[in-house]
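The values are calculated or read from the model by the stated rules, or taken from the named source; none is laboratory data. On a predicted model such as this, the values are computed, not experimentally measured, just so you know. Note: areas computed on protein heavy atoms with side chains; ligands, DNA, RNA excluded. Shrake-Rupley method; radii C 1.70, N 1.55, O 1.52, S 1.80 Å.
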Amino acid sequence: MPVLRAIGNVLWLLLAGWWLALGYAIAGLMMFLLIVTIPFGVQSFKLVGFALWPFGRTVVDAPAAAGRPALSAIANLLWLALAGWWLAVAHLFAGVI
């Protein structure tokens, strides 16, 4: 129902969405400091929209680094080390609240 989605999105935005989106934006800006991490910055800015207004959106699964699982694993570890852990803590804190 569109009305319930809108209510959920407004509540989410007021209670946790704005500061989670701010965290993703800061992470995106940090990722633009190094050339190697620019793709992470681009994806982080895409996640800002999901953090602000999550209900009613759909995530489409795409094959990540088709034929290059080692590169994908290295990229995931790099994201986790640089920004993923503190964003995960922020999501955990938002979930507890």
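Karplus-based coupling profile of the range 13-24, in residue order and whole Hz: 4, 6, 8, 9, x, 5, 7, 5, 5, 4, x, 5, with θ = phi - 60° in 6.51 cos²θ - 1.76 cosθ + 1.60 and x standing for Gly or Pro. What is the helix-to-structure angle for 38-52, meaning the angle in degrees between its Cα long axis and the longest Cα principal axis of the chain, kept from 0 to 90 and rounded to the nearest 10? Compared with the principal axis, the helix lies near 10 degrees. Between the range 1-58 and the range 69-91, the alpha-carbon centres lie 16 Å apart. Calculated accessible area for the chain comes out at 71 Å² per residue, all protein chains present (probe 1.4 Å; ligands, DNA, RNA ignored).
For Cα extents along the principal axes in Å, one of [x] 37, 27, 24; [y] 46, 28, 20; [z] 43, 25, 22 was computed from the structure I shared and the rest are decoys. Which label? Label of the calculated value: [z].
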